[in-house]
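The values are calculated or read from the model by the stated rules, or taken from the named source; none is laboratory data. All values reported here derive from a predicted model rather than from experimental measurement. For neighbour counting, all protein chains shown are included, and Cβ atoms are generated from backbone atoms with ideal geometry for every residue, glycine included. Heads up: the accessible areas ignore ligands, DNA and RNA and are worked out on the full protein's heavy atoms, side chains in. Shrake-Rupley method; radii C 1.70, N 1.55, O 1.52, S 1.80 Å.
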Amino acid sequence: MNDQPLSGVLEAVLLAAGRPVSVEQFRELFEESQRPTTEEVEAALSELASACADRAYELREVASGWRLEVRARYAEVVSRLWQERPSRYSRALLETLALIAYRQPITRGEIEDIRGVTVSTSIMRTLQERNWIRVVGHREVPGRPELLGTTREFLDYFGLRSLDDLPTLAELRDLDDIKMQLEFPGAENASAALPAPRTEVADGSEDEAILEDEDGGEPSTPDSPSLVAAPPDSNEH
């Protein structure tokens, strides 16, 4: 470890990685003769978390591992580094995502039965392109419809370690509150270089997955709301 404190090495790795890093991935970065134990890595992470207490960023654990994130109180200013506007998701998309998160595994037909409307192809495509949902199996009924569930990327994006971190259904009084509630507990603190996804309700058709910007251009969203200090030639942010 070149006489460097392990917590400092892990901090450097997280700043450069631009994505969550698991304990095992940390360990694999070292030569076998210098490889720290799982306990040593966990202790170093705890030390790093304490060291970040007075910094503008914090260490957080999500589904895929650990990452450094800009604290929520700085997110609004830091987000101005990016000129493109964040995506605005339609009510239909948010309702669909919430149903998959809470009722998984669930079929598209079951979602349509609950919502009372057809789920548009654009909504399903958007959720799959974001890699927030995946096919986890097939219902053993005629036609064998796909069973849908959320992904590790979904948990990472909203700052969750597992589905157990989702707010209870009692906390989600109704889907009218989804604009705020989809930014799950922890996601507020997980806001980083860019703000959490905006969840404005569509004014138009239920078929709209993502609302257009006021200028009419295609909206965009960062791949991750985490703090990234990538090399200059990296495309990640």
Next on the checklist: Please compute the contact order of the stretch 15-83 in relative form: average sequence separation of alpha-carbon pairs under 8 Å and at least six residues apart, divided by the residue count, as a percent.
Outcome noted: 31
Checklist entry - Sorted by mean Cβ packing within 10 Å, highest first, what order do the peptides 137-144, 70-77, 153-160 take? => result 153-160, 70-77, 137-144
Next on the checklist: Accessible area per residue for the stretch 16-103 in Å², computed with a 1.4 Å probe and the full protein assembly in place, what is it?
Outcome noted: 52
Checklist entry - Using a probe of 1.4 angstrom, how much of the accessible area of the stretch 1-132 is carbon and sulfur, in percent? => result 45
Next on the checklist: With Kirkwood's inverse mean 1/r over C-alpha pairs for Rh, give me the Rg to Rh ratio of the stretch 19-116, two decimals please.
Outcome noted: 1.14
Checklist outcome for this item: Taking 13-22, 52-61 and ranking on average Cβ neighbours within 10 Å, highest first, one gets 13-22, 52-61
